[in-house]
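Inspection log for the structure reproduced underneath, given as structure tokens.
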Amino acid sequence: MDEVNEKLVKGVCLKKFPNDWEVNVVELISLWQANVSNPIWHPFKTEFLDGKLQEVIDKGDSKLKKLRSVCGEEVYKTVADALLELNDYNSSGRKANLKEVIKYMIEELKTLKSYFPPELWNFNEGRKASLKEVIKNMIEEFKTLKPLKRRR
């Protein structure tokens, strides 16, 4: 219950990746098991089914779309089943606290390369440059520029 079916994933990886299927199986299972148990990720939407308001898998979710296109319908189905089981039988286990939400948001923001400004780097010592080093380097650069003649 609430786990990705490893046998099914192994079978699909053996068909799709005959050369290095063992590595792909381990990566896929660990990635999707982590996604399924991640309380922040909530790929559900509420719909009326049979006159009742129920949570169903959101087929428009980007992670699930990518899984379906890369691995096929069988792996998508096993992940969706694990999500539904976890949501039905242990929905309190998927509730996130504020600390987890903030941590998840920071990790997602780190993936956006253009959001964070570039860091200044001390290549000689292989570390981030301190503010003092940056200012010192800027002063040296200004000194090397040719002085402009002053106009009177």
- Around N24, what is the net charge, scoring Lys/Arg as +1 and Asp/Glu as -1 over all other residues with Cβ under 14 Å from its Cβ? -1
- Message: At 0.36 nm per residue, and after removing the present C-alpha to C-alpha distance, how many nm does the segment from F123 to D50 gain when stretched out fully?
- Response: 19.9 nm
- If D50, D58 are ordered by their accessible area, calculated over protein heavy atoms with a 1.4 Å probe, which sequence runs from highest to lowest? D50, D58
- Message: With every protein chain left in place and a probe of 1.4 Å, what is the accessible surface of I106, to the nearest 10 Å²?
- Response: 80 Å²
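The values are calculated or read from the model by the stated rules, or taken from the named source; none is laboratory data. All values derive from a computational prediction rather than experimental measurement. Note: ideal-geometry Cβ built from the backbone for every residue, glycine included; neighbour counts use all protein chains shown. For the accessible areas, the whole protein counts, side chains as well, though only heavy atoms, and no ligand, DNA or RNA atoms are used. Shrake-Rupley method; radii C 1.70, N 1.55, O 1.52, S 1.80 Å.
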